[in-house]
Amino acid sequence: MAAKKVLVAGATGQTGSIVVHKLRDRNNEFEVVSLVRSEAKAKEKLGSMDGVVVGDITDRASVDQAIAGCQALVILSSSAPVMKGPPQPGQRPEFEFPAGAYPEDIDYNGQKNLIDAAVAAKVEQVVQVGSMGGTDENHYLNSLGNGKILIWKRKAEQYLIDSGIPYTIVRAGGLIDEPGGRREIIVGKDDSFFIPDSNMPHKLPRADVAEVVVQALTEPHAKNKAFDVVTREEEESAPTSDFAALFAQTTPGL
């Protein structure tokens with residue numbers, strides 16, 4: 001069977017680079033195309049430059065070039081606020097977004113470019129990684145740099161659903177840099193993990209997010225589903241191994 005050709009947008013991000021390495025390690029099951037903005041960062045994060053395409057999701061032409069011949073698309077691109085000068089004593093730090101890299105530019109218009117290109121290329125599945133918290137317009141992340149980042153991410157998720165492409169929307173919460181495969185992964189909806197006094201976990205190793213993404217590309221139960229994902233603490237329960245059963249717990253629509 002021929003390898004499934006997958007475009008990964010946001011391939012040099014903290015989670016994106018793990019996804020690329022996991023896909024590369026799957027015994028020729030996938031052919032990976034990595035869309036990156038910086039060749040230097042790609043060499044640092046990805047090692048091998050095989051399949052690396054330098055471009056920008058805000059530039060439709062470069063997206064079309066990267067996605068040509070792909071059967072799947074993984075969206076891990078995200079705007080990133082930067083601190084506005086050194087923090088002042090006794091004051092909370094202020095944040096801003098670089099010009100042209102506001103959430104509306106990256107998390108909505110950029111992702112629209114990716115989705116539109118996927119439609120034109122007749123891609124068979126899009127896996128979109130976002131963030132929990134999108135049901136709350138007053139979430140503190142929306143106030144960072146006045147970027148309304150979760151609002152724009154939510155709009156992009158709806159745009160993907162409306163596109164008609166089979167989708168998997170993974171809303172990650174509480175990202176941590178710890179090894180994956182050691183925790184039970186649990187899924188939810190509508191930010192249920194944020195309910196006060198629910199005693200629900202919020203931690204999620206990036207490596208586990210990456211594994212959910214890779215598994216979503218192979219499991220039929222993952223198609224046309226959107227869900228929040230976190231993990232329990234290590235040793236609290238057995239690590240997740242049955243991803244078909246995990247995705248069977250998820251539901252369609254935002």
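The values are calculated or read from the model by the stated rules, or taken from the named source; none is laboratory data. As the structure is a computational prediction, the values presented were derived from the model and not from experiment. Note: ideal-geometry Cβ built from the backbone for every residue, glycine included; neighbour counts use all protein chains shown. To get the accessible areas, we keep the full protein, side chains included, count just its heavy atoms, and leave off ligands, DNA and RNA. Shrake-Rupley method; radii C 1.70, N 1.55, O 1.52, S 1.80 Å.
Before moving on, here are some points about what is shown:
- Of all the residues in the stretch 206-216, those that are in contact with a Lys or Arg (Cβ under 7 Å, 6 or more places away or on another chain) and either crowded, with 21+ Cβ neighbours inside 10 Å or over 23 Å from Ala3 (Cβ atoms) (or both) number 3.
- Close Cβ contacts (under 6 Å, 6 or more residues apart or on different chains) running from residues in the stretch 137-159 that are touching a residue at least 12 places away in the same chain (Cβ under 8 Å) to residues that are surrounded by fewer than 19 Cβ atoms within 10 Å (Cβ to Cβ) and of a type in the set (Asp, Glu) comprise Gly145/Glu96; Trp152/Glu104.
- Sole residue being open to solvent by 70 Å² or more (accessible area, probe 1.4 Å) and either modelled with pLDDT of 95 or more or of a type outside the set (S, T, N, Q) (or both), chosen from Asp56, Asp25: Asp25
- For the stretch 92-107, the tally of residues that are under 16 Å from the mean Cα position of the chain (by Cα) and over 19 Å from Ala66 (Cβ atoms) stands at 1.
- Enumeration of residues in the stretch 1-20 that are touching a residue at least 60 places away in the same chain (Cβ under 8 Å) and either of a type in the set (D, E, K, R) or open to solvent by 70 Å² or more (accessible area, probe 1.4 Å) (or both): Lys4, Lys5, Gln14
- Residue that is farthest from Thr168 (Cα to Cα), among those in the stretch 218-245 that are of a type in the set (A, V, I, L, M) and open to solvent by 10 Å² or more (accessible area, probe 1.4 Å): Ala238
- Among the residues making up the stretch 16-30, a single one is in a loop (DSSP other than H, G, I, E, B) and of a type in the set (Lys, Arg): Arg26.
- Residue in the stretch 88-104 that is open to solvent by less than 40 Å² (accessible area, probe 1.4 Å) and aliphatic (A, V, I, L, M) present: yes
- The residues of the stretch 145-192 that are on the phi > 0 side of the Ramachandran plot and of a type in the set (Lys, Arg) amount to a single one, Lys148.
- Within this structure, Glu44 passes the test of being over 16 Å from the mean Cα position of the chain (by Cα) and assigned to a helix (DSSP H, G or I).
- In the condition set (1) surrounded by 14 or more Cβ atoms within 10 Å (Cβ to Cβ); (2) at pLDDT below 95, Asp197 is compliant with all but (1).
- When restricted to residues that are of a type in the set (A, V, I, L, M, F, W, C) and surrounded by 23 or more Cβ atoms within 10 Å (Cβ to Cβ), the stretch 127-151 contains 5.
- Flag for Val52 being within 19 Å of the chain's Cα centre (by Cα) and over 11 Å from Gly10 (Cα atoms): yes
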